[in-house]
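Q: One structure is given below, represented as structure tokens, and several questions about it will come after.
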Amino acid sequence: MGRRSLAVDVLGPIGVVVLLAAVLVLAAGMWPPMVAVESGSMEPHAEAGDLIVVSTTDRFAGPNAQDGIVTAEEAETSGYGRIGGQGDVIVFSPPDREGSPIFHRAAFYVTEGEDWTDRADHDRVGGTHCALIDNCPAPHSG
């Protein structure tokens, strides 16, 4: 095997991977451009092990997006959806959590200081009063 053949066999695939990564980063506007699903919370539309391409909120924003995100509440009127449901799916890393990021469908927009419990999924928060729930009233808008 000659040096030229070895270079093509080794550098060719590396070049293709680098080119693909560059295209994904340019399209998504962020690094890493993909994240892996680790749980079954988004099934049947995204299963554990799936790779999801993510982008910054200023790219590919849907109709009536607020801060680049269409909430499920807003999508009820427009019919907009991602990954098998109404509204955008967001990926975030809470500051107090180490490890992989969290996938969650954006339910509704809140303003700083808002008691959002009347708009929440009552099966998840029940009749609990705002004062008994972390982050209620909302510490930030978003």
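Q: Contact list please: Cβ distance under 6 Å, first residue in region 93-115 and free of Cβ contacts under 8 Å to residues at least 60 places away in the same chain and on the phi < 0 side of the Ramachandran plot, second residue loosely packed, with under 14 Cβ neighbours inside 10 Å and assigned to a loop (DSSP other than H, G, I, E, B), pairs at least six apart or on different chains.
A: Listed by first residue and then by second, the contacts come to 111/141; 112/140; 112/141.
Q: May I pose another question? In region 19-37, what residues are exposed (fewer than 10 other Cβ atoms within 10 Å of the Cβ) and part of a helix (DSSP H, G or I)?
A: Quick first cut of region 19-37, residues exposed (fewer than 10 other Cβ atoms within 10 Å of the Cβ) only: 26, 31.
Matches in region 19-37: 26 only.
Q: Can you tell me which residue in region 86-132 is nearest to residue 142 (Cα to Cα), limited to those that are β-branched (Val, Ile, Thr) and out of contact with any Phe, Trp or Tyr (no Cβ under 7 Å at 6 or more places or on another chain)? Lay out the reasoning, then the answer.
A: We begin by selecting, within region 86-132, every residue β-branched (Val, Ile, Thr); these are 89-91, 102, 110-111, 117, 125, 128.
Checking which are out of contact with any Phe, Trp or Tyr (no Cβ under 7 Å at 6 or more places or on another chain) leaves us with 90, 111, 117, 125, 128.
Details: 90: 12, 111: 6, 117: 15, 125: 19, 128: 22 Å.
Top of the filtered list is 111.
Q: Residue 42 passes all but one of (1) in a loop (DSSP other than H, G, I, E, B); (2) touching a Gly at 6+ places or on another chain (Cβ under 6 Å); which number fails?
A: (2)
Q: Is it true that residue 13 is over 21 Å from residue 55 (Cα atoms), loosely packed, with under 10 Cβ neighbours inside 10 Å, at pLDDT 85 or above and not hydroxyl-bearing (Ser, Thr, Tyr)?
A: Details: over 21 Å from residue 55 (Cα atoms): yes; loosely packed, with under 10 Cβ neighbours inside 10 Å: no; at pLDDT 85 or above: yes; not hydroxyl-bearing (Ser, Thr, Tyr): yes.
Here the answer is no, as residue 13 does not meet what is asked.
Q: Now, a different point. Got a sec? Which of 72, 48 is within 15 Å of residue 104 (Cα to Cα), modelled with pLDDT of 85 or more and surrounded by 15 or more Cβ atoms within 10 Å (Cβ to Cβ)? Step through it out loud before you land on a result.
A: On the way: 48 fails: surrounded by 15 or more Cβ atoms within 10 Å (Cβ to Cβ).
Within the list 72, 48, the selection yields 72.
Q: Looking at 27, 36, 75, which is the one that is in contact (Cβ under 8 Å) with a residue 12 or more places away in the chain and over 30 Å from residue 120 (Cβ atoms)? If you could, list the steps in order and put the result at the bottom.
A: Working: 36 fails: over 30 Å from residue 120 (Cβ atoms); 75 fails: over 30 Å from residue 120 (Cβ atoms).
Of 27, 36, 75, the one residue that is in contact (Cβ under 8 Å) with a residue 12 or more places away in the chain and over 30 Å from residue 120 (Cβ atoms) is 27.
The values are calculated or read from the model by the stated rules, or taken from the named source; none is laboratory data. All values reported here derive from a predicted model rather than from experimental measurement. For neighbour counting, all protein chains shown are included, and Cβ atoms are generated from backbone atoms with ideal geometry for every residue, glycine included.
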